[in-house]
Amino acid sequence: MNETHLKTLEGTLERLTFRNEENGYTVAKLTPTGKSYEITVVGLLGGVQVGESVRLRGLWTTHPQYGRQFEVREYTVKLPATVEGLRKYLGSGLIKGVGPVNAGRIVDYFGLRTLDVIEETPNRLREVPGIGKKRAARVTRAWEEQKQIKELMIFLQGHGVSTGLAVKIYRHYGDEAVAVIQRNPYQLEKDIYGIGFKTADQIAQKLGIAPDAPARVQAGLRYTLGRFSDDGHCFAVRAALLHQAAELLEVASETCAAQLDALLALEEVIAETLPDAAGEAIYLPPFYYAEVGVANRLRRLHTAARDRLAVFQDVDWDVAFEWLDTHTGITLAEQQRAAVRMAITARVSVLTGGPGTGKTTVTRSIIELLQAKGRSVLLAAPTGRAAKRLGETTGREAKTLHRLLEFKPTEGNRFLRDQENPLNTDLIIVDEVSMVDVLLMNHLLKAVEAGTHLLLVGDVDQLPSVGPGNVLRDLIDSAALPVTRLDVIFRQAADSFIVTNAHRINGGELPLFPQGARDFFLFRQDDAEAAADLVLDIVARRIPAKFGYVADRDVQVLAPMHRGAVGVSALNQRLQERLNPAQPHKAETPHGSRVFRVGDRVMQIRNDYDRQVFNGDMGCVTAIDTERHTLTLDCDGEGIVYESAQLDELVHAYAVSIHKAQGSEFPVVVIPLLMQHYVMLQRNLLYTAITRAQELVVLVGDRRAIAIAVHNDKIARRNTRLKARIQASQSAPPPPSGYPTTSRSSRADKSTK
């Protein structure tokens, strides 16, 4: 566009109606200077705040739905020059500790001199009624920090970096932020959650870094390798890595190959020759050492001479099972008896099976027998919800794996329980192992002392872990460890069509929808918009009216995809409007394109070890403090406080993806399944969704989509060598002293999975 065609517009920002925190795209209402009406402005306006005066350069356009609006290409910001502008500016959340109420008090007292007072004589803030010494000091500190962030925003505003990310950059680098970015913008991608390679690359190009610069190509290779791990792979085949990196960077494959060799020389990646001339496997080091560690540690545990449960080696098992029946009322089937004996006599073993096959009964029986002999047991699961459910079904304390292993973010992001400080117990039972990735399994095995028994329990037919690897399947397929697979459905479970249909689906048969079913229904609809409307009506009206469930507490929508009318994003927006609408008395806070409101069901989407809340944890918003700009989340009974800059870690969870629902159970699940989900329609996805329900399943969609999912039993292959390592018991040198044993993925969760 010729610059001479750009128009100029000046005015005051009245409110922000939408902001994408990832790229800074903003929709705002502006009152032009000297006018009384508002107009809509759109564009990359990262950093602008309500109440600021702005000078915009851009074009007038007409949107087919929203009408006439001003599309911004360039902008500059001036501090507000009116009392009302100052009131909006200070109360917008810009300064922690100043919300709308205190902003009004300060501006009413000092008028147009407000910002000068804060800048030059901040002690005078104590003159304002309601502003004490502590609040005045907090405002002063926040203002100084905000000035630094503002200067950083001036530097970043042309690169689409949002205010929230600028705050994170400043808090990480401090006053050195601009110098760090100018020296190597790709450092942002390593250090700042929320900034990926593409944003860093955009900044780098503006700074004039050449397309084939070594720093850029190496960052692109790391990013591409990170994308492989985001998809569950432990490694990438060299040829595929070079091909994808070259496409991403738009440079020659030979250029990428040279820089990959440089990364290998720097030991930032590790190469291993694949068998049968399949090429080279390129690993990020944490995944390589985790695979090797899991294989070696399993072999050590499995063949240990010491046995902390040796007292059971001479047990008369018929007598033991008769005692169980008499004293606890637990009568075990033959498969279940075999599983109990396996767990107690084998140092490492695996128990797998679908719903209704008695995994919980086996677990309780093992615990009862150990207690009778005075032996100790620890219970754990990957997520808070899974641990809570394990505790409820066994009547014993169960912890998340991170809590069991005593993860300490304040002590270098390390687990206190390891080979030097192992867990002191006779048996460890870990449930929902299908969710455990290779990194977390390695940390667990480090903390298991030789002689301690380990029972790994999970449903191998569910979706694999979100993180890299396919640990449970690899352990079972290796045939190197004792495995019991429960496949008999017990009578009480057989009365449930949830259980019956889960097993039919897993066996490649279509689910049944009989006339008299009480817990399994299909509402046929093949139009996406109509299906979305139907999902809303089923959740908000039909299920509560017919069955008495509470919609915003008991009913969970599980969708295969994020995009589309029946995707997670659109359904969340509509379900929030229906189940938790805005009300005058209900506090809320905007964050980007989302509005968080007291009563909202939300989900954490990255591991935050400082506050011990993890990717996939769900909770309810219980409080929003508009003065302090904080949000409080009740997550399984624990109150977790979020500052405004941390809200990008939360999403609404009225609807969640099926992948994110792993390890959780809900009284009722509603599952939209249509042909628009075609690329995701596979057997283990549908099976996982259905087995999340405890009491009621409602499918919304068409039979074609269901049939495609049932008959598609192709499990997406993951690049992992764990099975081969277990079988061969390969060894490798330990990681260098001080080498990180966690990985930072480039796009999604940059912390240890």
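Hey, THR76 hits all of (1) at pLDDT 80 or above; (2) among the hydroxyl-bearing types (Ser, Thr, Tyr); (3) open to solvent by 10 Å² or more (accessible area, probe 1.4 Å); (4) not in a helix (DSSP H, G or I) but one; which does it fall short on?
(1)
With respect to THR484, is the statement that it is closer than 27 Å to GLY232 by Cα, hydroxyl-bearing (Ser, Thr, Tyr) and either surrounded by 14 or more Cβ atoms within 10 Å (Cβ to Cβ) or touching a Lys or Arg at 6+ places or on another chain (Cβ under 9 Å) (or both) true? Break it down stepwise before answering.
Numbers: closer than 27 Å to GLY232 by Cα: yes; hydroxyl-bearing (Ser, Thr, Tyr): yes; either surrounded by 14 or more Cβ atoms within 10 Å (Cβ to Cβ) or touching a Lys or Arg at 6+ places or on another chain (Cβ under 9 Å) (or both): yes.
The answer is yes for THR484.
Check whether at least one residue in the range 604-620 is open to solvent by 30 Å² or more (accessible area, probe 1.4 Å), without any contact (Cβ under 8 Å) to a residue 40 or more places away in the chain and not β-branched (Val, Ile, Thr), and report yes or no.
At the first step, the residues of the range 604-620 found to be open to solvent by 30 Å² or more (accessible area, probe 1.4 Å) are 605-606, 610-612, 615, 620.
Retained after the next criterion (residues that are without any contact (Cβ under 8 Å) to a residue 40 or more places away in the chain): 611, 620.
Those still in the list that are not β-branched (Val, Ile, Thr) too: 611, 620.
Yes, some residue in the range 604-620 is open to solvent by 30 Å² or more (accessible area, probe 1.4 Å), without any contact (Cβ under 8 Å) to a residue 40 or more places away in the chain and not β-branched (Val, Ile, Thr).
On the given criteria, is GLY395 among the small types (Gly, Ala, Ser) and free of Cβ contacts under 8 Å to residues at least 60 places away in the same chain? Talk me through it step by step, then tell me what you get.
Details: among the small types (Gly, Ala, Ser): yes; free of Cβ contacts under 8 Å to residues at least 60 places away in the same chain: yes.
Judged against the criteria, GLY395 is a match.
Going residue by residue through the range 652-665, is there one that turns out to be touching a residue at least 24 places away in the same chain (Cβ under 8 Å), buried (at least 19 other Cβ atoms within 10 Å of the Cβ) and touching a Cys at 6+ places or on another chain (Cβ under 8 Å)?
No, the conditions are met nowhere in the range 652-665.
Quick one: how many residues across the range 168-183 are surrounded by fewer than 17 Cβ atoms within 10 Å (Cβ to Cβ) and either touching a Cys at 6+ places or on another chain (Cβ under 6 Å) or not β-branched (Val, Ile, Thr) (or both)?
Going through the range 168-183 one residue at a time, the tally reaches 8.
Kindly indicate the residue of the range 122-141 that is assigned to a helix (DSSP H, G or I) and of a type in the set (Val, Ile, Thr) and also farthest from the chain's Cα centre (by Cα) among those meeting that condition. Before you say what the answer is, go through the steps one by one.
Of the range 122-141, the ones assigned to a helix (DSSP H, G or I) are 122-127, 133-141.
Going one step further and asking which of them are of a type in the set (Val, Ile, Thr), we end up with 139-140.
On the way: VAL139: 33, THR140: 35 Å.
Taking the candidates together, the pick is THR140.
Here are some conditions: (1) modelled with pLDDT under 90; (2) in contact with a helix residue (DSSP H, G or I) (Cβ under 8 Å, 6 or more places away or on another chain). HIS711 meets all but one. Which one does it not meet?
(1)
Confirm whether ASP437 is acidic (Asp, Glu) and out of contact with any Pro (no Cβ under 9 Å at 6 or more places or on another chain).
So ASP437 does not fit the description; no.
Which ones in the range 25-68 are among the aliphatic types (A, V, I, L, M) and in contact with a helix residue (DSSP H, G or I) (Cβ under 6 Å, 6 or more places away or on another chain)?
Within the range 25-68, VAL50 is the sole residue that qualifies.
When the range 365-376 is examined, which residues are found to be among the small types (Gly, Ala, Ser), within 15 Å of GLU322 (Cα to Cα) and surrounded by fewer than 22 Cβ atoms within 10 Å (Cβ to Cβ)?
Within the range 365-376, just ALA372 meets the criteria.
Being under 26 Å from GLY226 (Cβ atoms) and either modelled with pLDDT under 75 or open to solvent by 10 Å² or more (accessible area, probe 1.4 Å) (or both) narrows it down to one of TYR186, TYR193, so name that one.
TYR193
Which numbered condition trips up TYR223, out of (1) part of a helix (DSSP H, G or I); (2) surrounded by fewer than 17 Cβ atoms within 10 Å (Cβ to Cβ); (3) modelled with pLDDT under 95; (4) not basic (Lys, Arg)?
Among (1) part of a helix (DSSP H, G or I); (2) surrounded by fewer than 17 Cβ atoms within 10 Å (Cβ to Cβ); (3) modelled with pLDDT under 95; (4) not basic (Lys, Arg), the lone unmet condition for TYR223 is (2).
Based on this model, can you work out whether ILE476 counts as within 15 Å of SER376 (Cβ to Cβ) and of a type in the set (A, V, I, L, M, F, W, C)? Talk me through it step by step, then tell me what you get.
Values: within 15 Å of SER376 (Cβ to Cβ): no; of a type in the set (A, V, I, L, M, F, W, C): yes.
When the stated conditions are applied, ILE476 does not pass them.
Filtering the range 383-397 down to residues that are of a type in the set (Lys, Arg) and either in contact with a Pro (Cβ under 9 Å, 6 or more places away or on another chain) or modelled with pLDDT of 85 or more (or both), which residue is least open to solvent (accessible area, probe 1.4 Å)?
ARG389
Table: residues versus (1) without any contact (Cβ under 8 Å) to a residue 24 or more places away in the chain; (2) among the aromatic types (Phe, Trp, Tyr); (3) part of a helix (DSSP H, G or I).
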site: ALA380; (1), (2), (3): no, no, no
site: ARG389; (1), (2), (3): no, no, yes
site: GLU420; (1), (2), (3): yes, no, no
site: SER434; (1), (2), (3): no, no, yes
site: HIS443; (1), (2), (3): no, no, yes
site: ALA450; (1), (2), (3): no, no, no
site: LEU455; (1), (2), (3): no, no, no
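Out of the residues in the range 107-123 that are farther than 16 Å from ARG141 by Cβ and of a type in the set (D, E, K, R), which is surrounded by the fewest Cβ atoms within 10 Å (Cβ to Cβ)?
ASP116
Spot the failing condition for LEU454; the list is (1) open to solvent by 30 Å² or more (accessible area, probe 1.4 Å); (2) closer than 24 Å to ALA310 by Cα, and only one is missed.
(1)
Please state which one of ASP474, ASP552, ASP519, ASP533 is over 30 Å from ALA333 (Cα atoms), touching a helix residue (DSSP H, G or I) at 6+ places or on another chain (Cβ under 7 Å) and among the acidic types (Asp, Glu).
From the options ASP474, ASP552, ASP519, ASP533, the qualifying one is ASP552.
In the range 241-265, what residues are assigned to a helix (DSSP H, G or I) and small (Gly, Ala, Ser)? Spell out how you get there, then give the answer.
Residues of the range 241-265 that are assigned to a helix (DSSP H, G or I), as a first pass: 241-249, 253-265.
Across the range 241-265, the qualifying residues are ALA245, ALA246, SER253, ALA257, ALA258, ALA262, ALA265.
Please verify whether the range 419-430 includes one or more residues that are in contact with a strand residue (DSSP E or B) (Cβ under 6 Å, 6 or more places away or on another chain), at pLDDT below 95 and closer than 25 Å to ASP610 by Cβ.
no
Quick one: count up the residues across the range 626-637 that are touching a residue at least 12 places away in the same chain (Cβ under 8 Å), closer than 26 Å to ARG553 by Cβ and either in contact with a helix residue (DSSP H, G or I) (Cβ under 8 Å, 6 or more places away or on another chain) or open to solvent by 60 Å² or more (accessible area, probe 1.4 Å) (or both).
6
Of these, ALA277, ALA281, ALA265, ALA271, which one is among the small types (Gly, Ala, Ser), free of Cβ contacts under 8 Å to residues at least 12 places away in the same chain and closer than 28 Å to LEU475 by Cα?
Of the residues listed, the single one that is among the small types (Gly, Ala, Ser), free of Cβ contacts under 8 Å to residues at least 12 places away in the same chain and closer than 28 Å to LEU475 by Cα is ALA277.
Say we look at the range 487-498 and pick out the residues that are surrounded by 19 or more Cβ atoms within 10 Å (Cβ to Cβ) and either assigned to a loop (DSSP other than H, G, I, E, B) or on the phi > 0 side of the Ramachandran plot (or both); which of these is modelled with the highest pLDDT?
So the residue we want is SER496.
Taking the range 38-53, which residues are in a strand (DSSP E or B) and more than 15 Å from GLU84 (Cα to Cα)?
ILE39, THR40, VAL41, VAL42, GLY43, LEU44, listed by residue number.
The values are calculated or read from the model by the stated rules, or taken from the named source; none is laboratory data. Since we're looking at a predicted model, the values are computed, not measured. Using ideal geometry, Cβ is built from the backbone for each residue, glycine included, and neighbour counts are taken over all protein chains shown. Please note that ligands, DNA and RNA were not included when accessible areas were found on the heavy atoms of the full protein model with its side chains. Shrake-Rupley method; radii C 1.70, N 1.55, O 1.52, S 1.80 Å.
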